[in-house]
1. Scanning for something farther than 25 Å from residue 509 by Cβ, crowded, with 21+ Cβ neighbours inside 10 Å and either within 32 Å of the chain's Cα centre (by Cα) or not assigned by TED's automatic domain parsing to the domain that holds residue 111 (or both), does the stretch 433-442 turn up at least one residue?
2. Do you know which residues across the stretch 1-35 are among the acidic types (Asp, Glu), closer than 17 Å to residue 50 by Cα and surrounded by fewer than 16 Cβ atoms within 10 Å (Cβ to Cβ)?
3. Among strands (runs of 3 or more DSSP E) lying entirely in the stretch 1-109, which contain 3 or more residues that are touching a residue at least 24 places away in the same chain (Cβ under 8 Å) and within 20 Å of residue 166 (Cα to Cα)?
4. Residues in the stretch 322-329: is at least one closer than 20 Å to residue 106 by Cα and either part of a loop (DSSP other than H, G, I, E, B) or modelled with pLDDT of 95 or more (or both)?
5. Could you please let me know if residue 244 is assigned by TED's automatic domain parsing to the domain that holds residue 215 and surrounded by fewer than 24 Cβ atoms within 10 Å (Cβ to Cβ)?
6. Tell me the residue from 483, 504 that is of a type in the set (A, V, I, L, M), without any contact (Cβ under 8 Å) to a residue 24 or more places away in the chain and either in contact with a helix residue (DSSP H, G or I) (Cβ under 7 Å, 6 or more places away or on another chain) or assigned by TED's automatic domain parsing to the domain that holds residue 81 (or both), please.
7. For the stretch 402-413, name all the residues that are closer than 21 Å to residue 275 by Cα and surrounded by fewer than 15 Cβ atoms within 10 Å (Cβ to Cβ).
8. Which of the residues spanning the stretch 508-518 are surrounded by fewer than 23 Cβ atoms within 10 Å (Cβ to Cβ) and either touching a residue at least 24 places away in the same chain (Cβ under 8 Å) or under 26 Å from residue 206 (Cα atoms) (or both)?
Amino acid sequence: MGVEEEVKQLQQAIAASAKEKPADIVIKNGKIIDVFSHEVIEADVAITDGMFVGIGSYAGKQVIDAKGLYVSPGFIDGHIHIESSMVTPSEYAKVVLPHGVTTIVADPHEIGNVSGETGIEFMIAASEGIPLDVYVMMPSCVPVTTFENTGAALYAEQLRPFYEQERVRGLGEVMNFTAVAEGEPDILQKITDAARAGKNIDGHAAGIGAEGINIYMTAGIRTDHECVTEEEAVERLRRGMYVMIREGTASKDLQALIGLVNERNARRFLFVTDDKHLDELLEEGSIDHNVRMAIGKGTDPLTAIQMATLNAAECFRFHKKGAIAPGYEADFLLLDDLEKVSIAAVYKAGVIAAEKGTCLPFHAPNVEPPVSVTDSVNYQEVKKEELQIPIEEGRDANVIGIIPNSIVTKHLRENVTVQGGYFHPSIEKDQLKVAVVERHNKTGNVGTGILKGLGLKKGAIVSTIGHDSHNIIAAGTNDKDILTAIRAIGEYKGGQAVVEDGRLLAVLPLSLSGLMSEKAYTDVAGELNALHHALVNIGFTGNFNPFSTLSFLPLPVIPELKITDSGLFHVSSFQFISIQEEKA
């Protein structure tokens with residue numbers, strides 16, 4: 001839009017605001033949620049050119065009769081990886097719009113690790129012009145560390161040009177604390193570039209104490225979504241950070257943190273989902289689920305809605321989002337019930353986008369994914385011998401201990417079953433084998449380890465979603481099924497699968513960088529459902545998502561013990577360790 005058109009549009013908005021001409025749309029008979037003053041007020045709301053222009057008594061060309069419903073600002077998800085939903089941006093929009101999410105801040109970190117700049121460009125193009133505002137943060141740590149092999153490496157000079165794009169809001173979660181603390185030039189250049197462009201810088205401060213937060217704040221990093229205790233959140237609040245309360249699939253932190261929110265500090269909190277799978281989005285919702293949970297835990301409904309709207313908008317400097325007020329974008333929800341957060345309708349820029357749980361049809365961008373995105377699974381065939389884990393009889397092993405619904409793991413030291421000098425999985429001890437296979441450049445790397453807490457009774461599971469390098473990761477009760485699972489997912493060019501007795505029980509193909517499906521979300525939901533049924537068939541009874549849990553085991557910046565394609569990694573010492581416990 002040119003300058004003259006902007007001036008003309010502003011003239012029209014002011015004329016409607018001054019009642020010199022009718023507004024385009026007027027909402028009548030609604031209860032307006034005022035996130036500034038924590039009030040519910042009854043008045044008309046006038047909209048012109050997709051923007052709120054007045055609150056009071058107005059006439060309009062079109063009238064929306066709210067019939068006593070609450071009028072809330074649209075919800076904002078402050079940190080999300082669309083790839084974790086396993087669908088494309090336009091399909092993702094169809095899922096979250098009915099849940100009141102009208103704006104998201106997405107970090108294409110996952111596809112960046114696999115397909116580099118091409119993958120990021122694909123995500124930006126595929127989210128253009130849809131009725132969900134998708135803002136993008138540049139992946140800051142690709143690769144996260146030098147202890148794993150990714151499909152790409154993104155340096156400061158490659159990210160810098162992206163800041164010229166309007167929808168690029170800043171630098172995504174800086175998770176390599178060591179690089180920042182030690183002043184490594186590339187990460188500091190990335191931070192400096194973002195700051196010079198006037199952009200935001202997100203943090204990822206898992207397990208980092210108060211002194212580390214001092215360093216992050218000094219570097220200009222202003223948010224963290226990795227708090228898992230109130231003590232961690234307090235340390236961040238006291239140093240001026242925004243605390244992102246996360247409720248996703250693998251990490252569910254809201255219950256542990258929400259009790260800290262009070263009338264004095266509430267403005268420094270916002271809600272995020274980070275990584276949330278499609279099935280949980282459909283069953284629970286998105287940010288609306290966070291709001292409901294918070295209210296259920298005793299948070300004032302208006303405070304919870306403020307956290308989901310105005311707080312997130314102010315954190316990311318969305319000066320025209322997050323409130324029902326003149327000069328703000330007309331993204332709003334009609335709520336049947338304030339405490340249940342039941343959504344009757346969702347409006348984007350004054351136009352209805354979803355009603356009674358259903359997204360209305362819209363034109364999705366026709367973007368052809370490049371070959372580098374559709375052909376991303378390239379690995380050397382794995383032999384049985386490469387899965388063998390030598391263990392001396394009577395010696396303890398270093399074991400990865402799963403913590404349900406957490407991406408943090410335990411470092412266990414346990415006696416394991418040994419046959420012929422090699423580790424043998426034990427269902428009785430719940431000690432299974434896990435393997436990570438490099439799948440980008442055919443290096444032939446295979447990292448193996450021992451996993452406790454997954455709870456499979458037979459068979460194996462496999463995925464090409466393995467944060468953050470997204471190599472193939474498989475876990476199971478026997479080598480035959482692990483190998484079968486790896487081969488099967490290679491043939492499908494990425495995805496997730498369940499195998500039993502050498503048979504493929506269920507598969508979810510993910511042909512886009514091994515992370516997302518090209519299919520409609522309804523089809524993907526059906527394939528996910530088949531996966532869950534197959535998990536039951538192989539004896540899984542846990543109260544967590546095993547594929548999500550598996551996907552975070554290769555992430556070597558989250559405590560305590562992880563597995564990459566190069567071997568077993570001890571996070572606190574930042575080094576590889578042997579599977580067999582060293583002699584004292």
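The values are calculated or read from the model by the stated rules, or taken from the named source; none is laboratory data. These numbers come from a predicted model, not from an experiment. Cβ: placed from backbone, ideal geometry, glycine included. Neighbour counts: every protein chain shown.
1. no
2. Answer for the stretch 1-35, where residues must be among the acidic types (Asp, Glu), closer than 17 Å to residue 50 by Cα and surrounded by fewer than 16 Cβ atoms within 10 Å (Cβ to Cβ): 5, 6.
3. 75-80, 101-106
4. For the stretch 322-329, residues closer than 20 Å to residue 106 by Cα and either part of a loop (DSSP other than H, G, I, E, B) or modelled with pLDDT of 95 or more (or both): present.
5. no
6. None of the other options fit; the residue is 504.
7. Matches in the stretch 402-413: 403, 404.
8. Hits for the stretch 508-518 are 511, 518.
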